[in-house]
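A short reminder: the numbers here are calculations on the coordinates, not readings from a lab. Treat the numbers as computed from the prediction; the structure is a model and nothing was measured. Every residue, glycine as well, gets a Cβ built from its backbone with ideal geometry; the counts of neighbours run over all protein chains shown.
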Amino acid sequence: MNDSSAMGGSLKYGRSMEALPGPSIIPDRVLRAMAAPMRDIYSAEMMEMSQRLFATLPKLANTNGETFIAISNGHGAWQMALCNTLSRGDKILVLESGRFAVIWGEMAALSGVEVEVLPGSDRGPIDAVAVEDRLAQDSGHEIKAVLCVQTDTATGVRNDIPSIRAAIDGANHPALFMVDCIASFGCEPFYMDDWGVDITVAACQKGLMVPPGLGFLWANDKALAAHETADLRIGYLDWQSRMNVKVHYEYYAGTPPVSHIYGLAEALTMIEEEGGIEAVWARHDALASAVWAAVEAWSTPGGIEPNIAQRQHRSTAVTAIRTGSIDATEVRRICEDRAGLVLGIGIGDLVTETFRIGHMGHLNSPMILGTLGTVEAALLSMGAPIGSSGVAAAAEALSKAL
Ligand SMILES: *Cc1c(COP(=O)(O)O)cnc(C)c1O
């Protein structure tokens, strides 16, 4: 503890910075849009707003598939994917690459689905060769669906979705391919149709810059065909009543979430103004490069290191940082209590030796450099060993994008 802290001084006053992997920072414009009064949900104006959302969202996923919105978090979209396509006793294969796909599988198991987890690593992406080998053994096609995440928010890995599609095709396997893009949606390039994804799920509170409360799902024709025979169907989440909508509330199976519709519409306008989703992806890529440059510069044997060694396997939405002998809880405490920076806690087995920096959504250079500079200051204040200045490396990385 230094002198100023002994005197009760603190550097945390001012607008705090939440570098969290969701909920992400909500733009003031979105917050203001959400503060509008309620309108008649049967008005043409409200119906048109929803029609615009349903027309725009699939473009962000690059799909001609059917769009569904669940008034829920990402877990609700997970549930919607499962109950509309599977039956009790069906078998599914969950591709582990951290925590989130496994939790999705646990939800399926509760509904009487038989779940097999293909073990993966905390330190790298899904092994497509292992996927192909496992599916090739399933000559009777017992496995009805393959589930994975694009980005695992616990480990910071980005899975190579086309390579997994190629593995499924390589085994000539008919299973539905379901991908969780909750962390990566609006941050990482994603081409649902070109990549052969049958169901994509996402949510609004990460890359899309809207407070938690909307889950998104896209289903292609193969997924819609599976709906015909699914027996896990749940009335409220069922696709049938949400298709061929004539009355506004049918989109949402009840009263539309008016404030969230306003907020999401504003966020989509902001994405358009930025130059479209590709421009948003490019910004995430540049800001992620700065984070990676900093973490790599800080790295020392036994100290800081990126959880995912190779850049091409890292998510541009969240970075998990291993701290070795440095107490990750203390790094987070100093940043939060002393300097107004909230970092993501490690998840699962990674709690004490990892912290996470979320870099998804409404972010720019000063927010990222401020975050990295504050982490570096916290490390220095602890006397933690670091290789070299991460801030200098991050500025250098950003200079290439200016
Ligand atoms: C955040 C997240 C979830 C869970 O979303 P909720 O909105 O909390 O239900 C699922 N998968 C991934 C990859 C996530 O990042």
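Our coupling estimate for the stretch 304-310, obtained by passing each phi through the Karplus curve with A = 6.51, B = -1.76, C = 1.60 and θ = phi - 60°, is 5, 7, x, 4, 9, 5, 9 Hz, Gly and Pro reported as x. In the chain, one over the average inverse separation of all distinct C-alpha pairs is 22.0 Å, which is the Kirkwood hydrodynamic radius. Derived scalar couplings between HN and Hα for the stretch 322-327 equal 7, 10, x, 7, 8, 6 Hz in order, rounded to whole Hz, by the Karplus curve 6.51 cos²θ - 1.76 cosθ + 1.60 (θ = phi - 60°), x for Gly and Pro.
With contacts taken as Cα pairs under 8 Å at a separation of at least 6 residues, the chain carries a relative contact order of 23 percent. Between residue 246 and residue 12, full extension at 0.36 nm per residue minus the direct alpha carbon distance yields a gain of 79.1 nm. Each DSSP beta bridge with both residues in the chain is either parallel or antiparallel, and the antiparallel ones are about 50%. Listed by chain and number, the aspartates and glutamates whose alpha-carbon sits under 19 Å from that of residue 246, ignoring those within fewer than 8 places in the same chain, are 40, 45, 48, 66, 238.
Kindly identify the stretch 168-259 as rounded, prolate or oblate by the Cα gyration tensor criterion: order the square roots of the eigenvalues as a ≥ b ≥ c, call it rounded if a/c is under 1.5, otherwise compare a/b with b/c, prolate if a/b is larger, else oblate. Oblate shape, in that a/c is at least 1.5 and b/c is the bigger or equal ratio. Using 0.36 nm per residue and subtracting the Cα-Cα separation, the extra length available between residue 42 and residue 64 on full extension is 5.2 nm. The charge dipole of the stretch 39-133, taken about the Cα centre with unit charges on the Cβ atoms of Lys, Arg (+1) and Asp, Glu (-1), comes to about 300 debye, rounded to the nearest 20. Each DSSP beta bridge with both residues in the stretch 163-262 is either parallel or antiparallel, and the antiparallel ones are about 60%. Summing Cβ point charges (Lys, Arg +1; Asp, Glu -1) relative to the Cα centre of the stretch 257-402 gives a dipole of roughly 240 debye. Between residue 322 and 305, 307, the built amide H atoms are under 5 Å apart, and every one of these is 5 or more places off in sequence or on another chain.
Helices meeting the span-like rule in the chain (full DSSP H runs, Cα extent of at least 27 Å along the helix axis, mean Kyte-Doolittle score of 0.0 or higher): 277-298.
Once a ≥ b ≥ c are taken as the square roots of the eigenvalues of the Cα gyration tensor of the stretch 72-147, is the result rounded (a/c under 1.5), prolate (a/b larger than b/c) or oblate (a/b not larger than b/c)? Note, shape of the stretch 72-147 comes out oblate.
Cα-Cα pairs above 18 Å in the stretch 106-167: how many percent? Summing the P(r) of the stretch 106-167 above 18 Å gives 41 percent of all pairs. Couplings for the stretch 330-347, taken from phi via the Karplus curve 6.51 cos²θ - 1.76 cosθ + 1.60 with θ = phi - 60°, read 5, 4, 5, 5, 4, 4, 6, 7, 9, 9, x, 10, 9, 9, x, 7, x, 10 Hz in order; Gly and Pro are left as x. Around the amide H of residue 113, modelled in the peptide plane, lie the amide H atoms of 89, all under 5 Å away and 5 or more residues distant in sequence or on another chain. Database remark: amide H of residue 299 closer than 5 angstrom to the amide H of 387, 388 (H placed geometrically; neighbours at sequence offset of 5 or more, or on other chains; Pro and chain starts carry no H). Label sites at residue 388 and residue 142, each approximated as a point 7 angstrom past Cα along Cα to Cβ, lie 5.5 nm apart.
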